[in-house]
Every structure is written in C-alpha cells, then in structure tokens.
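Working notes for the structure below.
The values are calculated or read from the model by the stated rules, or taken from the named source; none is laboratory data. Fair warning: this is a prediction, and the values are worked out from it, not measured in the lab. Please note: Cβ atoms are built from the backbone with ideal geometry, for glycine as well, and neighbour counts cover all protein chains shown.
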Amino acid sequence: MATTPPALVLLPEWGSGHLAPMLESCKRVLLHGGGRAFSITLLVMRPPTAEASSEVEEHVRREQAAFSGLEIGFHRLPAVDPPKDAVGVEEFIARYVTAHAPHVRDAVAGMSRPVAALVLDMFAAPLVDVARGLGVPSYVFMSSTGALLALMLHLPVLRDAADGEEGDDAAMRVPGLPSPLPAAAVPGFVADRKSPNFEWFARLGERFADATGIIANTADELEPGPLAAVAEGACVPPGRPTPPVYPIGPVLSLGAKKDCSSEAPPLSTHECVTWLDAQPAASVVFLCFGSMGWFEPPQVAEICAALERSRHRFLWVLRGPPGDGGGAPDGSEHPTDADLDALLPEGFLERTKGRGLVWPTWAPQKEILAHAAVSGFVTHGGWNSVLESLWHGVPMIPWPLYAEQHLNAFELVSVMGVAVAMEVDRDRENFVEAAELERAVRSLMGGESEDGRKAREKAKEMMAVCRKAGEMGGSSYAALQRLSAALHYGAALPKK
Ligand SMILES: COc1cc(-c2[o+]c3cc(O)cc([O-])c3cc2O[C@@H]2O[C@H](CO)[C@H](O)[C@H](O)[C@H]2O)cc(OC)c1O
Ligand SMILES: O=c1ccn([C@@H]2O[C@H](COP(=O)(O)OP(=O)(O)O)[C@@H](O)[C@H]2O)c(=O)[nH]1
C-alpha cells in the first residue's frame, strides 16, 4: 500500500540567491532517498517588492512546469504588513520574515501529511519556536558561507563582550577565522555594534543555536577552518550546544530567470554564449555583479578605462541604476537594464569592438562560467556566484558591494587563495580606480604576477574539491546521508 511521504516544509527568503539553493538542496535530499521518502512543500511569502515578486512567481512557474518526478507543492502565505521603521535592509528582512510566524504555524499545523521538518531561511531563524511548539524538527538553511555561519553564531558572544569590558571598538575575533578579522573584511551590518542590524544578526545567530540542525551550502574541504570551529562548539556562548551542521554543498541551482544548469548545459543560442564561441580558449575576463549590483557613471568610466588599457578580452554585464530612485520598501536596490549609450564613454564600444561585449541585462552566468573561453571572473562575491565560479575552476577578483560580500572577498583571497586582491574603497561606496582594476585583471589573466598564478592554480584545485565532495565517498555526500538519516528519525517522532 502506498503511504504519503512526510513533508519537508520550506520557508525561504524571496531573493533568488536564497530560495533557489534551499529548494535545490532539499531536492537533493529527496533524490538521495530515491525520490519517494519525502515530499516538499514550499511556503511562499509575498515579497516586499514588485521585482522580487515577479522573480518568485517565475521560479514557482518554472518549477511547476518542470517534470522532476519529485513531489513539490507551493503554499502561499497570507500577506503581512512590512515594517515601516526598519533602519537597514537586514532589520527589514528579519522583521518582515518573522511577522509570518502565525501563518507558518497555521500552514504547518494544517497539513494533511506528516511533517518531517521545517527548513528555515537564515533570516527566519526565530521561527524555530514555531517548529518547537508543534513538535517538529527545525533546520536553518545557510545560503552563505561557513565563515558567516561561524560569525553569526559568535555574534552573541561579541555583543555581550562589547557590553562589558571589551568596549565598542573591540577587535572582531571569531573562532575559525583569521584573528582579528581585518576591518575591511567585516560585513557592513555588523561593523557598528550599536546598530539595529548588528542586534538583528546577533539575535538570528542566537536562534541558529536552537535549531535541530543547520544545512549549509558549502563543503568541509572548502572552508575547513570555520566549519571545524562551529562543529567543535567554539563559536557559541559558553555552555550553549551547537546543533549538528550538514555541509552538503556546493549546490548550484537553476536561477529564477532563463538560465542553464551547469550540470548539463543545453546547446545555447544566447548572444553572450555565441559571442564566447568565437573567442580563443581561456582568453576572456567575465564581469558580473549579482542581482543587485550596479554602478554610477564615474565608476563605469573607470571600468571602461581599465578594460581598454588591459588589452584583454571581456564580457561585462553592466546594469543601470534602480528605477524610481531605488526606494524599495526593503531598501534593496534592484538594477534596471542599462542604457549603454548613456552610460558608456563615447567611442568605447567601437574601440573595443571584437574583443569586448557589454551586456545590459540579466545574463546566463552559469553557462558563461562553464564556457572554455572564460578564464577569470570579476564578481561582487555573492556566495552563489563564488560557488559557480569554483565549480568551473575560474579564479576571481572579488569586488564586494553589499550584504556579507566583504567577508567573502577576504576569505577568497586570504584563506582559500582562489582570487586576486583588489583595493575597494569602502568609504566611497566601494569605488575602484581604473589603474587598480587594470592591475588586478592583468594579474588574474596571466601576467607575470605570482598572485595571479597562485589564484589560477588554486581555483583549479578547488574545482576538483567541489566535484569530489558531492560524489559517493565525498564529504558533502556523507553529510547528505547524515542529514537524510536525521530527517527520517525526525519524521518518526510523535508530534504534539
Ligand atoms: C546575508 O546578508 C544579507 C542578504 C541580503 C540579501 O537580500 C536580498 C533581498 C532581495 O530582495 C533579493 C535578494 O536576492 C537578496 C539577497 C540577499 O543576500 C544574498 O544572499 C546570497 C546567499 O546568501 C549571497 O551570499 C549574496 O552575497 C547576498 O547578497 C541583503 C543584505 O543586506 C543588503 C544582507 O546583509
Ligand atoms: O546577470 C546575472 C546575475 C546573476 N545571476 C545569478 O544570480 C545568482 C546571484 O546570487 P549571488 O549569491 O551570487 O548574489 P546575490 O544576487 O544574491 O547578491 C547567481 O546564481 C548568478 O548565477 C545570473 O544568472 N545572471
């Protein structure tokens, strides 16, 4: 007799950099059990911006249209009022997500099938209480690095120390990370210990420790330092237990937009790819800055000067400023398609014709990174972009712009060694001078510099590491097995 498979109930933040890897990771859990052991119910919050809403809708539509053979359903949650007085993006996201708690409780309690676990976005960590109230196991899904995980688990310690003897300017020492963390590496949201954003991240980190487990889109071999420190219980306040961590990555996901899986890229007719087809192997530097990266005209002019002088071939995804002045209720800045005639200096396209392509809208990044012509990546350093680059052995130049990306940049250069450092002026909205970008691009793309040679070599090593981790016998495969066993155990527990 067929039985109803218990559900993994997912609550992702609406950003595609959060939703897509969470869903893909949970699909991996289903596939690991032969596809029939669990089902997925994804709880859809109404995103706070029109841009994010259409991304989510597109994602849901594509998922429903695809035939995966897996049981995946979507449950729309009632809308909640967005907070009107949030000081920063992080506080906004955390409060908005947390306001859904009663609706999440109702949705889980009302399910007609057993619930194996509630899988929560990092911003939804306070909802571990909802799971606990229903007697359901809870898992936090960490869509960013093991380093950010270590930092967040440790924030309550830093907060309480800052309240006491160490003071407000105390150096940031985080178990598993180089100590003290250079100021340039500290994410903006925790740089000021008095800001509500710091308090929110500390509160989220505190709640991570109350989850049944933490699923992380990283691999032991990629981030051995922070993951070991977390596993040893060195990051949480003394006396507090650390839940088991399951580093099952890298999990690369199909984007919400038209995109191709890096696993099996179909023959593409995308203009960026046909342009790459005509370029020599390993000759192109790719520049792309995530879902929220865009530049003011003076910065665009510096990039143009650098690319022109470097003499290297390039494919540059250049987006324009957010529409309507960027005043989204969540404070996020979603770029628009660039007006290249208005943004680029006169004559730039003619002078670089044949060796450069400037692409003004969303591009198929995974497919581009998989292309044999691409051998370097100037990236904002969002964790999904980093994993995609490492998966294809492409060395990077990190250009952090927002969120946790300054920490990611530091890790890529100083810990993993897969990237060439570039000076980014945080006091001038992460401005980079033309000469500095030119130097970094020359170094990355095969100049004489030792930094570039090491980054290229290390990126190839990491490609092998990433692929091996997920194979049978690899560390991420083993973590997936442990996670699967824990979920089966949780599904068998009596519910309240
Ligand atoms: C991790 O801390 C922050 C995350 C975000 C953030 O916000 C966000 C809002 C949206 O409307 C859409 C998004 O796609 C989105 C994404 C996002 O975080 C990204 O997450 C990735 C995976 O964790 C990745 O690591 C990227 O670097 C992040 O940009 C925003 C924020 O403050 C601006 C954070 O501090
Ligand atoms: O033009 C673009 C810009 C981004 N991406 C994808 O969007 C995701 C960006 O996620 P990341 O974590 O790097 O940064 P975020 O945008 O969340 O800050 C990655 O999967 C990229 O491949 C893309 O396909 N095309």
- Message: Go through segment 285-320 and report how many residues are in a strand (DSSP E or B) and either more than 11 Å from V378 (Cα to Cα) or aliphatic (A, V, I, L, M) (or both).
- Response: 7
- Query: Does segment 430-442 contain at least one residue that is among the β-branched types (V, I, T) and outside any loop (DSSP other than H, G, I, E, B)?
  - Reply: yes
- Query: Given the conditions (1) crowded, with 23+ Cβ neighbours inside 10 Å; (2) within 13 Å of P250 (Cα to Cα); (3) more than 7 Å from ligand 2 (Cβ to nearest atom), and given that P395 satisfies all but one, which numbered condition is not satisfied?
  - Reply: (2)
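Conditions tested, residue by residue: (1) out of contact with any Phe, Trp or Tyr (no Cβ under 7 Å at 6 or more places or on another chain); (2) at pLDDT 95 or above; (3) under 28 Å from R453 (Cβ atoms); (4) among the hydroxyl-bearing types (S, T, Y).
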| residue | (1), (2), (3), (4) |
| --- | --- |
| W275 | yes, yes, yes, no |
| F286 | no, yes, yes, no |
| A301 | yes, yes, no, no |
| A305 | yes, yes, yes, no |
| R313 | yes, yes, yes, no |
- Residue ranges of helices (runs of 4 or more DSSP H) in segment 1-111 with at least 2 members closer than 27 Å to P335 by Cα, within 16 Å of ligand 2 (Cβ to nearest atom) and under 19 Å from the mean Cα position of the chain (by Cα): 16-32, 50-65, 89-98
- Message: Condition (residue is within 12 Å of ligand 1 (Cβ to nearest atom) and more than 20 Å from G249 (Cβ to Cβ)) applied to segment 57-70: is it met by at least one residue?
- Response: no
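One line per residue, one yes/no per condition, for (1) hydrophobic (A, V, I, L, M, F, W, C); (2) surrounded by fewer than 23 Cβ atoms within 10 Å (Cβ to Cβ):
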site	(1), (2)
G354	no, yes
W362	yes, yes
G381	no, no
N384	no, no
L401	yes, yes
F410	yes, no
V415	yes, yes
N430	no, yes
- Message: Can you tell me which of (1) touching a residue at least 40 places away in the same chain (Cβ under 8 Å); (2) within 12 Å of ligand 1 (Cβ to nearest atom) is the one A37 doesn't meet?
- Response: (2)
- Task: Hey, can you tell me all the residues within segment 383-394 that are touching a Ser or Thr at 6+ places or on another chain (Cβ under 8 Å) and in a loop (DSSP other than H, G, I, E, B)?
- Result: H392, V394
- If we scan segment 401-415, do we find a residue that is closer than 18 Å to F286 by Cα, within 14 Å of ligand 2 (Cβ to nearest atom) and among the aromatic types (F, W, Y)? no
- Task: Among the numbered conditions (1) within 21 Å of L120 (Cβ to Cβ); (2) surrounded by fewer than 19 Cβ atoms within 10 Å (Cβ to Cβ); (3) among the polar types (S, T, N, Q), tell me where S39 comes up short.
- Result: (2)
- Task: Report, by residue number, each residue of segment 371-390 that is within 11 Å of ligand 2 (Cβ to nearest atom), touching a Cys at 6+ places or on another chain (Cβ under 8 Å) and farther than 22 Å from E436 by Cβ.
- Result: L387
- Task: Select from segment 1-20 the residues that are farther than 12 Å from V115 by Cβ and either hydroxyl-bearing (S, T, Y) or touching a Gly at 6+ places or on another chain (Cβ under 8 Å) (or both) and write down the one among them that is nearest to ligand 1 (Cβ to nearest atom).
- Result: G17
- Query: If we scan segment 434-453, do we find a residue that is in contact with a Phe, Trp or Tyr (Cβ under 7 Å, 6 or more places away or on another chain) and farther than 25 Å from G381 by Cβ?
  - Reply: no
